[in-house]
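The values are calculated or read from the model by the stated rules, or taken from the named source; none is laboratory data. These numbers were taken from a predicted model, which means no experiment stands behind them. In this analysis, Cβ positions are derived from the backbone assuming ideal geometry, glycine residues included, and neighbour counts consider all displayed protein chains. Note: areas computed on protein heavy atoms with side chains; ligands, DNA, RNA excluded. Shrake-Rupley method; radii C 1.70, N 1.55, O 1.52, S 1.80 Å.
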Amino acid sequence: MSKEIVICWRPQPRQLTFLKACGLEPPFTGGLSTKPMARVIGYGGAAGGGKSDALIMVGVVGGLTYPGIKVGYFRRTFPQLNGPGGAIMRSHELLSGQAKWHGGDRRWTLPTGSIIQFCYCDKEKDVFNYQSQQFDIVLFDEATHFLRFQYRYMLTRNRATTDNPDFVPFMAMATNPGNVGHMWFRKEFINIGDFEEPHSVEVEPTKYEVHMFIPARLSDNQKLERRDPNYRESLEAQPEIIRKQLLEGDWDAMAGQYFPEWNRTIHVVKPFKIPGHWKKFRSLDYGLDCTACYWYAVSESGKLYIYRELWQSSLTLSKAAKKILDMTPDDEQIMYTVASPDLWNRRQETGVSGEEIMHRAGLYGLRPANSDRIPGWRQLREYLDPFEVEEGVLDAKLGIFSHCINVIEHLPALMHDDNNPEDAADEPHEITHSCESIRYGVMERPPLRSLTPD
């Protein structure tokens, strides 16, 4: 860090992980600065995790490390920036006497000539106020308060203004679950794969970008826990969904959720080599709008693992069959594939069923699934319902490999049907295809009692 400025701030462990992802941890660990690990880096989860402090310090450390850069710090409204505990007040606690404040412009100028500009973007069209501006680093605080269009547009303002070849522009965002941006953030940062690792994300058709997410919990902010031990109790006293979002940082907690049993830490597992003797089968829900096929392995105890997925639109029946075969290694023994019964309906114009077309394409072993909706959803609930295997350790009868990103996104997003609370909603279809395919799979294998303790 520059010798001309001394800031009394030390990162806590999770904040340091975030700074490292941004390539800005050397002032606290020694060594040289590195490039950011992703184009866009998300950070946060639970309330009180220390995310806003870390976000401000990304701007400060970045501005001191790379002279002359421009940093934009965004909130949705000006009162959110300027109110008690807001970013402007906190920046004064950190920078007063060490940098120059320009009150009328809401801007700090650091001794290196870098600036930190506080910005707000309330209405969707307000992004165009920044059309001629450019920021080397863009910071979004409480990112889920923003619409996806706002964050995507501001990436067009995120470009290098310095000739330093070591600097790479990036965007960093801190937030809690909930609010208007919950679903886009969850899709592009939470459901992309293992946390703390960069992942290539399709942000537009055939257009990819590297994202990563650093989770934070209240327990990560020991300074706050010591300063206000009652804050945790305040969060614990909230209604269930708010409590899960703000205390547990649970991105899968949503109002109207059909499977409240869902728990990412229990149901999502890191991929492992499946023993060769485990039985394997597939489930398939086909539609021209989406083909959803899942591969299952059955452990000795009867636990199901979903270890592969095909979720793709616009496949004809024969192309879907070929895709499934291409994704199945030749030495992998698949016992059967359960599929939607309507594949056996003969088409009036051809007299040929979907099952026959897939059979001709080489996909053998199809058999009609039990398509009873409510019993199927109940069965899936049994598989998802956590149980205690030992004190403080929970497990479930279904595990999903972390690279099966679509079903991880869709299962917790399935909602109750408005007209029949026992049933799940059949829209939007991009969610229901994968969920119905899983329902076919679990109806084929009733869960064994031996999985759960007596």
(request) Filter the stretch 168-208 down to residues that are of a type in the set (S, T, N, Q) and open to solvent by less than 30 Å² (accessible area, probe 1.4 Å), then give me how many there are. (result) 3
(request) Scan the stretch 101-122 residue by residue and report those that are among the charged types (D, E, K, R) and either surrounded by 12 or more Cβ atoms within 10 Å (Cβ to Cβ) or within 19 Å of L55 (Cα to Cα) (or both). (result) R106, R107, D122
(request) For R346, work out the one condition from (1) within 27 Å of I408 (Cβ to Cβ); (2) of a type outside the set (S, T, Y); (3) touching a helix residue (DSSP H, G or I) at 6+ places or on another chain (Cβ under 9 Å) it doesn't fulfil. (result) (1)
(request) Filter the stretch 126-150 down to residues that are assigned to a loop (DSSP other than H, G, I, E, B) and over 20 Å from M37 (Cβ atoms) and give me whichever is least open to solvent (accessible area, probe 1.4 Å). (result) F146
(message) One residue is enough: does the stretch 255-264 have a residue meeting the conditions under 30 Å from P421 (Cα atoms) and of a type in the set (S, T, Y)?
(response) yes
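Which residues, taken from the stretch 53-73, are among the small types (G, A, S) and buried (at least 24 other Cβ atoms within 10 Å of the Cβ)?
A54, G59, G62, G63, G72
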(request) Would you mention how many residues in the stretch 401-429 are open to solvent by 30 Å² or more (accessible area, probe 1.4 Å) and over 24 Å from F281 (Cβ atoms)? (result) 12
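From the set of residues in the stretch 402-429 that are out of contact with any helix residue (DSSP H, G or I) (no Cβ under 7 Å at 6 or more places or on another chain) and of a type in the set (G, A, S), which is modelled with the lowest pLDDT? Break it down stepwise before answering.
Taking the stretch 402-429 and keeping what is out of contact with any helix residue (DSSP H, G or I) (no Cβ under 7 Å at 6 or more places or on another chain), we get 402-405, 408, 412, 415-421, 425, 427-429.
Going one step further and asking which of them are of a type in the set (G, A, S), we end up with 402, 425.
Details: S402: 94, A425: 88.
Selected residue: A425.
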(request) Please enumerate the residues belonging to the stretch 273-318 that are farther than 20 Å from E436 by Cβ, outside any loop (DSSP other than H, G, I, E, B) and touching a residue at least 24 places away in the same chain (Cβ under 8 Å). (result) K279, K280, V298, S318
(request) Would you kindly identify the strands (runs of 3 or more DSSP E) lying entirely within the stretch 151-265 that contain at least 3 residues that are in contact (Cβ under 8 Å) with a residue 24 or more places away in the chain? (result) 170-175, 207-216
(request) Please determine, by comparing only the residues of the stretch 375-393 that are open to solvent by 70 Å² or more (accessible area, probe 1.4 Å) and among the charged types (D, E, K, R), which one is nearest to M415 (Cα to Cα). (result) R378
(message) Just to check your reading of the model, which residue among T432, T350 is at pLDDT below 95, within 21 Å of I324 (Cβ to Cβ) and not basic (K, R)?
(response) T432
(request) Could you grab me the full set of residues in the stretch 255-270 that are closer than 16 Å to I405 by Cα and open to solvent by 60 Å² or more (accessible area, probe 1.4 Å)? (result) T265, K270
(message) Are there helices (runs of 4 or more DSSP H) fully within the stretch 1-98 with at least 1 residues that are within 27 Å of A253 (Cα to Cα) and modelled with pLDDT of 95 or more? List them.
(response) 13-21, 51-65
(message) With the structure loaded, tell me whether S371 is open to solvent by less than 40 Å² (accessible area, probe 1.4 Å), touching a residue at least 24 places away in the same chain (Cβ under 8 Å) and either in contact with a Ser or Thr (Cβ under 8 Å, 6 or more places away or on another chain) or small (G, A, S) (or both) or whether it fails that test.
(response) no
(request) Look through the stretch 229-254, keep the residues that are surrounded by 12 or more Cβ atoms within 10 Å (Cβ to Cβ) and among the charged types (D, E, K, R), and return whichever of them is nearest to E188 (Cα to Cα). (result) D252
